[in-house]
Amino acid sequence: MTKLACPRCKTNKSRFYLIEQNPKAVKLNPQNGDVEIEEYISGGLDPFFVPYKGPDYLIQCGTCGVIEQSLLFEKAADSL
């Protein structure tokens, strides 16, 4: 892992949460609003689902609580 620093509070360089992103395709039943979680095999998505393209994880500052992508925390560490 690279050096990190909080881009907001700029004092925290050691306490962080790594938040793993585990996206699941979910459909809502339009009649009753129930959530129907569907496991889709890669490449076999429903044509109305756009594949998830977000980051694999986010970082949260353990001091001020800001949550951002790791790139912002890495850039903040480089500028200090």
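Bear in mind that the values in this text are calculations on the coordinates, not laboratory data. Fair warning: this is a prediction, and the values are worked out from it, not measured in the lab.
Using 0.36 nm per residue, how much length does the chain from LYS3 to LEU80 gain when fully extended, once their Cα-Cα distance is taken away? Here the segment from LYS3 to LEU80 would lengthen by 26.7 nm. Every helix of 4 or more DSSP H residues in the chain counts as -39500 (n - 2.57), and over all residues that averages to -3500 deg cm²/dmol at 222 nm.
Between [x] 31, 27, 20; [y] 52, 28, 15; [z] 36, 29, 20, which entry matches Cα extents along the principal axes in Å as derived from the coordinates of this structure? Matching entry in [x] 31, 27, 20; [y] 52, 28, 15; [z] 36, 29, 20: [y].
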